[in-house]
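*Asks:* Below is a structure I'd like to ask you about.
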Amino acid sequence: MTSRAATLTLPALEIRQTATRWLYSFAVDGKVLSRFAAVSRVHRTSEMAISGYQRPEVASHVAGIRAYLESEDPLLPNAIVVAFDSRVRFVGNTRGVRGYARAGELVIPTDPRWEEADKPGWIVDGQQRVAAVREAQVDSFPLCVTAFITDSAAEQRTQFILVNHTKPLQPGLVRELLPDTEGTLPRLLRHKRFPSRLLEQLNNNRLSPLRRLIATPTMPEGVIKDNSIIRMLENSLTDGALYHLRDPRTGAGEVEAILAILFDYWDTVREAFPDAWALPARRSRLMHGAGIVSMGFLMDAICDRFLPRRYPTRYEFAAELAKIAPACNWTSGHWAFSPLPRRWNDLQNTPRDVQILTDFLLTQYEADLVGRRLRVFS
């Protein structure tokens, strides 16, 4: 490795995987890596857009790797994965390509005055290993690096998810990153992308009644768990009111139409139960997983009454919710479950309790519909 002015020149191998995709394999001292590669921790900008894609360092994991590096004969065979922007260039040797690979040099700009965001590289995989090398009491420790070059932040996030989705990656972080990914993803992740996109709009759109109420890795102050919202959305998209507005082949759907329904419904829920709205789940079972999921099933039932002709209006949602509101005890009292009542806060976010609450709400709603029909014909 040589240093020329504001650049590092590293011997590297360029590997052509497809007609338009190249990887670069090289070795570098882990103590030097931070000069040109940063960790982009996921966060929200002032405009509430997602930025970055890494997870916070896990102190215990880093400490374990560091202890190993300081042992007698350590070995880290797995390559660090780095995404470079187009300021990094590869200079191949004059002998040309041998098969799908050629030798050459990567020319990487560096500047000690740069902030983390100014560096041309981002660590896509291997954050804990890099941190351990940085902190280890060793003079140097060469690391294998695999890199690719792109100016697309969306592609960097896509690669980050693909590299990490088989590991114990925080599900909430995957959900926040999915809406801004592009390219081909595994089928399971592809079908999760659309609900994640809806969740992002529910939490950030200024017209959303749920705005900033959903707890995510970048918005931990929310009172509703993101997984509860995802379950509510997936239930409706799979076999509920929103099913008619999505493409079963791709998992995508009509975003604006779906959001209009969700905004109208949850806004009327907010108006129907103002004393239970926006409270922590321990103080309101409406904001609890059981409440969110069961109220999602109620939304489907209300819509089913109007479909296939049309979806309910906001006024109609409000009128239907008013019929079951007296039976709800989100913050105090007892639920009139059969055969035994339950204290309001005895409900837990378990499949059994979600089913009990859902059955109760749907029974109350259907009973009111039957009563209205009888009054019409009497």
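The values are calculated or read from the model by the stated rules, or taken from the named source; none is laboratory data. All values derive from a computational prediction rather than experimental measurement. Because the Cβ atoms are built from the backbone with ideal geometry, glycine has one as well, and the counts that use them run over all protein chains shown.
Matching residues to (1) buried (at least 18 other Cβ atoms within 10 Å of the Cβ); (2) of a type in the set (A, V, I, L, M); (3) closer than 13 Å to Gly172 by Cα; (4) over 12 Å from the mean Cα position of the chain (by Cα):
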| position | (1), (2), (3), (4) |
| --- | --- |
| Ser196 | yes, no, yes, no |
| Leu210 | yes, yes, no, yes |
| Ala215 | yes, yes, yes, no |
| Val223 | yes, yes, no, yes |
| Ser236 | yes, no, no, yes |
| Tyr243 | no, no, no, yes |
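*Asks:* Let me ask another. Of the numbered conditions (1) under 25 Å from Leu245 (Cα atoms); (2) among the aliphatic types (A, V, I, L, M); (3) exposed (fewer than 13 other Cβ atoms within 10 Å of the Cβ), Met299 satisfies every one except a single condition; which is it?
*Replies:* That leaves (3) as the condition not met.
*Asks:* Any idea which of Ala367, Ala318 is surrounded by 16 or more Cβ atoms within 10 Å (Cβ to Cβ) and part of a helix (DSSP H, G or I)?
*Replies:* Exactly one residue qualifies, and that residue is Ala318.
Here's the yes/no breakdown for (1) closer than 23 Å to Ala215 by Cβ; (2) buried (at least 20 other Cβ atoms within 10 Å of the Cβ); (3) in the same structural domain as Asn204 (by TED's automatic domain parsing):
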| site | (1), (2), (3) |
| --- | --- |
| Pro274 | yes, no, yes |
| Gly289 | yes, yes, yes |
| Pro308 | no, no, yes |
| His334 | no, no, yes |
| Ser338 | no, no, yes |
| Val354 | yes, yes, yes |
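*Asks:* Give just the number: which of (1) closer than 22 Å to Cys303 by Cβ; (2) basic (Lys, Arg); (3) in a loop (DSSP other than H, G, I, E, B) does Arg231 not satisfy?
*Replies:* Failing condition for Arg231: (3).
*Asks:* Of the residues that sit in the stretch 245-270 and are exposed (fewer than 15 other Cβ atoms within 10 Å of the Cβ) and either β-branched (Val, Ile, Thr) or closer than 26 Å to Pro326 by Cα (or both), which one is modelled with the highest pLDDT?
*Replies:* Per the stated criteria, the residue is Val255.
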